[in-house]
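Below you'll find the structure, written out as structure tokens, and then a few comments.
Quick note: the coordinates plus some simple rules give every number you see, no bench work behind them. Because the structure is a prediction, the values reported are computed rather than measured. Virtual Cβ from ideal backbone geometry, glycine too; neighbours counted across all protein chains shown.
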Amino acid sequence: MPGLLNPLAAACDSGYVPDEARILSNPGVADSVADASEMFETIIGAHGGDATVSKHSLETETDFREIIEFYQSAIEAARENGDTIAVDVTPGRKFMSAISFQAGFRFDADHVFYFYRKSGAYYGDLYAEIPRTATELIDFTEVM
């Protein structure tokens, strides 16, 4: 669950507090995603925000077309509303991260975030428990 929560907490801590969060889930992680979804509202609320959190569940984790469509439709809908858009590439299987990274750039997200934990010593820890010097929120739109 820290893989889902830590990037959000770091983004909020850096001043990016979303008013909507869309989470992509698959059968192998459905329970963790459900638990994390509830915590999203708590984290966002602790940073003064109020967000709508929604989940989209894949029937199979390798439905690549549906994964791409999820990102494309979410980004396009947010763009039509004039929202600032962030895609988090941290959690998930490698192919999920690769697709989300590509979708963030291809569909013109404002931010493509990756939560970098500089040491394995804090694996499994939540953001609040990790020293700030041991983490970095990388925005690939700024470094590429």
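At 0.36 nm per residue, and after removing the present C-alpha to C-alpha distance, how many nm does the segment from Phe95 to Arg65 gain when stretched out fully? Mind showing how you got there, number by number?
Working: separation 30, 0.36 × 30 = 10.80 nm, distance 1.22 nm.
Residue separation times 0.36 nm, minus the Cα-Cα distance, leaves 9.6 nm.
Other residues with beta-carbon under 14 Å from the beta-carbon of Tyr123 carry, at +1 per Lys or Arg and -1 per Asp or Glu, a net charge of 0.
Restricting the calculation to Cα atoms, every distinct pair contributes to the Kirkwood radius of the chain, found to be 15.4 Å. When each full DSSP H helix of the chain is screened for a Cα extent of at least 20 Å along its own axis and an average Kyte-Doolittle hydropathy of at least -1.0, the helices passing are 30-46, 64-80. Dipole magnitude for the chain: about 520 debye, using +1 per Lys or Arg Cβ and -1 per Asp or Glu Cβ, origin at the Cα centre. With the simple model of a label 7 Å out from the Cα in the direction of the Cβ, Met144 to Glu76 spans 2.1 nm. Relative to the current alpha-carbon distance between Met39 and Asp110, full extension at 0.36 nm per residue lengthens the span by 23.2 nm.
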